[in-house]
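Every number in this text was worked out from the coordinates using simple rules, so none of it is lab data. On a predicted model such as this, the values are computed, not experimentally measured, just so you know. Note that we place each Cβ from the backbone using ideal geometry, even for glycine, and neighbour counts take in every protein chain shown.
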Amino acid sequence: MNAAVPDGFGETLAEDAPDVSIADALAILRRHYGLIGSARPLPGERDHNFHIQTEGDGEFVLKVSHPAEEAGFTDFQNRALDHILAVDPTLPVPSVRKSLEGEAQFTVSVGGSAPRIIRLVTYLPGQLLSRSPTSAAQDRNLGIFLARLGRALRGFFHPAAGSDLLWDIRKVAKTRPMLAHIADAGHRAMVERVMDAFEAHAAPVIPSLRAQIVHNDMNSYNVVMDASRPEVVTGILDFGDMIHSPLICDLAIGAVYRWPAEGHPLAPAARFVAGYQSVQPLEAEEIGILFDLIRARLALIANIASWQAERFPAKRDYVLRLITEVWASLERLDGLSSADARRFFLDHSNPE
């Protein structure tokens, strides 16, 4: 089976991008930025990224976009980073390094392929959240950080913010055709229940909620922590899924990756939400659908990852890196009702 990406979501996830070699990356770095150093490939879903260590000029990430990526969308990311640093310079986000020609981005043909958009941003040192030990303090600090990031973005807009993204949680129902790629019948049925609940409880409420441009992907591979103090956030990466969306969707995405451990399955997420609310209080309607949004994000991961693993076998390990946690979370949350989850969040996610 080799199903295409659902209609309306573009081609950056539908087709794999031609490879970019380390030699290509270093040639771009030298010619367009006047920098010399080493390059190490970084994993990515759509683009080719390289960790650049220069000789005396610091560390960067060289980003070579998918050939189908639109220049307006990468411009959106550049301008968002500039805006965040202007509004809250203490927020650790990458900054854009301009080329020798003074450009934040430009296009070149790499290895004889179609023109690719090139960008260079600063590298944020630290330890990925996915490799950091968890704690209650970490849960709360991550919520605080996401709320600060949302506040820094609330006065920003860009025409590309309305782009159709496969990872838009509001459009989870559009991924129903991908259910065919989930081999286990029980898992398939569970994801269908989640999507049915989302359409019944959350979808009717979403249009009335406050919305703005949000990061939209605070997953455990996009957050950097202090290696010696793993409760301290030292950066957030990958603004490639930014979108204009309800604030509560952004919060729900971050809450997903506070994986359930012992005790109540929503306890880590509730601590995350409490941290967020200490900066940005939530409205009753937002809390009312938070559980359905969390489960919808898990369903979205399950559908897209299963589809991508079959379509791009070489990326199978990368796209399925979280699937064990996703199924475990869906199973633990499957026994909760929306009403019980809402009561839990109301009782346990208030800022202290």
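Hey, what's the Kirkwood Rh for the chain if you take every pair of different alpha carbons, in angstrom?
It is 20.9 Å.
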| query | When Lys and Arg each count +1 and Asp and Glu each count -1, what net charge do the other residues less than 9 Å away from Leu165, Cβ to Cβ, add up to? | reply | -2
| task | Please get the size of the charge dipole for the chain, origin at its Cα centre, with Cβ charges of +1 on Lys and Arg and -1 on Asp and Glu, quoted in debye to the nearest 20. | result | 280
| request: Set the Förster distance to 45 Å, then compute FRET efficiency between Ala339 and Arg154 from the Cβ-Cβ distance, nearest 0.05. | output: 0.90
| Roughly how tilted is helix 267-277, in degrees to the nearest 10 and between 0 and 90, from the longest Cα axis of the chain? | 70
| task | Treating the angle as unsigned and between 0 and 90°, give the value, to the nearest 10°, between the Cα long axis of helix 323-333 and the longest Cα principal axis of the chain. | result | 20
| Kirkwood Rh and Cα Rg combined as Rg over Rh, evaluated for region 259-352 | 1.05
| message | For a distance above 20 Å, tell me the whole-number percent of Cα pairs in region 203-324 that qualify. | response | 49
| field | Radius 12 Å from Cβ of Ala152, net charge of other residues (Lys, Arg +1; Asp, Glu -1) | value | +1
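State the extension gain, in nm to one decimal, for the chain segment bounded by Ala86 and Val205, taking 0.36 nm per residue of separation less the distance between their alpha-carbons.
39.5 nm
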| Span per principal axis, largest first, for the Cα atoms of region 84-125 (Å) | 41, 22, 14
| remark: Simple spin-label estimate for Arg176/Glu283, 7 Å along Cα→Cβ, in nm, reads 2.9
| task | Determine the relative contact order of region 67-148: mean sequence separation of Cα pairs under 8 Å and six or more apart, normalised by residue count, in whole percent. | result | 24
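Can you tell me how much longer the chain between Leu346 and Glu55 gets when fully stretched, taken as 0.36 nm per residue apart minus their C-alpha distance, in nm with one decimal?
Result: 99.5 nm gained on full extension.
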| query | Which shape class, rounded, prolate or oblate, goes with region 207-252 when its Cα gyration tensor gives a ≥ b ≥ c as root eigenvalues, a/c under 1.5 marks rounded, and past that a/b bigger than b/c marks prolate? | reply | prolate
| Taking Cα atoms, how many degrees apart are the long axis of helix 71-87 and the longest axis of the chain, rounded to 10 and kept between 0 and 90? | 80
| query | Between Arg316 and Trp259, how many nm apart are label points set 7 Å from Cα along the C-beta direction? | reply | 2.1
| request: Using a cut-off of 14 Å between beta-carbons, work out the net charge of the residues near Ile253 (Lys and Arg +1, Asp and Glu -1, Ile253 not included). | output: -2
| note | For region 295-345, using Cα atoms only, the Rg and Dmax in Å read 13.5, 43
